[in-house]
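See below for the structure under consideration.
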Amino acid sequence: MDLNNLVLAPGGKAGCKGVWRSWEKGCSGGTEAKPASADQESGRPATSTLNHFSALQQTSSLLSSSDTDHRDRDHFDRSGHVDGREENPITKRSFSRESQERGGRSEESAPTPPPSLPKPSLSEEEMEKKSKAIIDEYLHITDLKEALQCVAELNSASMLYVFVRQGLESTLERSTTVREHLGLLLHQLVKVGTLPTEQYYKGLHEILEVTEDMAIDIPYMWLYLAELITPMLHEGGIPMGQLFREISKPLVPLGKAGVLLAQILQLLCKGMTPKKVGDLWIEAGLNWNDFLPEDKDVNKFVTEQKVEFTTGEELGPKEVVKKQLLSGEELSKQLDRLLQDKADNKHIMDWVEANLDEEQAASNHFVRSLMASVCGIAIAEQIMVRAELLQKYLNDEEKELQALYALQAMMVHMEEPANLLCMFFDTLYDEDIIKEEAFYKWETSKDPAEQTGRGVVLKSVTAFFTWLREPEEESDKE
């Protein structure tokens, strides 16, 4: 994990926490991202090398976040499993809220901006130019939030098929990473309601209708199309049954629908188990006879394409292959990528199930990698979003302790940015991710393997532990 590339979430909470700031970029560009190199084209996208943590040491102001929205769990009623973490009336104490109240600070609400006037609809030529500019910038700096905003500001819902067509056409012969990022953008546009599904289908159909000609020059065209389409099946996108039936319409007459669907199913198996993919196929009521030519042997096709899981047959003992043990570096890289791509918690859990066996998923090594990745992507806001994910795997006191050790190692590596660990601790406690018993065990730990830089780290969270030990009654009176 590259700790210089951390993305700090805007907003936060007062108390021992520093200030987090974000700089919004306009849709016309103006970024100072470094030019993409050939290496980046085939690998992970370029990211800013700005050390965002410098803001922590230079700025101190009131953090605005919904503190009380996440403070409604009892101080002593904290269970160890995600299913048992029940919410109670607002009785739970909060270190950040109490620190804010003692300081007597107040929040100022930002003035409401005046409503913008509707823009005139764009012509197809104008839409193509604007689409190309947005897509090029997004693929260059991979700022998903800005790209979503720019597409929304086009204010041309009836012309968004041009954006879809332009995106698919311009990335079809580029790298896998580029295609996956474009697919992710289209998925998010559908998920937030900016891109109507009929516009997505229209733009996609314009590409699919000419695949017979393109296949001559692009040997792996079906795989490339699958990489562009598969992200749409993530949560919040388009259901499998609806998507598969729609994208097959222009391909069934060509006899190529089955080939594309098989490629998509194989890609899905990289993020979840084949059984889950097969269940989705069956639940959607899909049948290979609807997608293959009449003279095609379905059983032979299913076997050749390695999609037997769609028939509902269980894998035999000989077909069950032990999952490859990922190195620490590879595991962290994969988790970082999932989080940076804004994969939802369920998708990440499916990936863990598909790629790690039970022993690996329950290991201290995995817990530490997961904790470092989640906290490395963003700060308090990201932890709140990933609370369910962390709760699933930090399911006992030992796992919680390992997570705290991972944070300690992070702080030592980063040379302890001011108040950062205190913010982590506060959020992890408030979100019922780590219980106070684990915090106390970490505080008194004498593990010789965890002593590097420990003195400075402990000192940075003195205020948190002082607050944690205060009697609840005394805090309530205040």
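We did not get these values from a lab; they are worked out from the coordinates using the rules stated. On a predicted model such as this, the values are computed, not experimentally measured, just so you know. Glycine also receives a Cβ, built like all others from the backbone with ideal geometry; neighbour counts cover every protein chain displayed.
Numbers below:
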| quantity | calculated |
| --- | --- |
| Inverse of mean 1/r across different Cα pairs in the stretch 239-321, Kirkwood, Å | 13.1 |
| Count, lysine Cα pairs under 24 Å in the stretch 328-477, 8 or more residues apart or across chains | 19 |
| Cα gyration tensor shape for the stretch 328-477, rounded if a/c is under 1.5, else prolate or oblate | prolate |
| The stretch 111-218 pair-distance distribution - Cα-Cα, 10 Å bins, rounded % | 14, 46, 30, 8, 2, 0 |
| Residue among GLN263, GLY278, ASN289 farthest towards the positive dipole end of the stretch 239-321, charges placed on Cβ | GLN263 |
| Loop-resident sites, the stretch 173-277, for trypsin sites (Lys or Arg not before Pro), counting at most 16 other Cβ within 10 Å (DSSP) | ARG174, LYS270 |
| Cβ-based exposure ranking for VAL192, VAL307, in which fewest neighbours within 10 Å come first | VAL192, VAL307 |
| Local net charge near CYS150, Cβ-Cβ under 9 Å (Lys/Arg +1, Asp/Glu -1) | -2 |
| Within the stretch 239-321: Cβ-based charge dipole about Cα centre, in debye rounded to nearest 20 (Lys, Arg +1; Asp, Glu -1) | 300 |
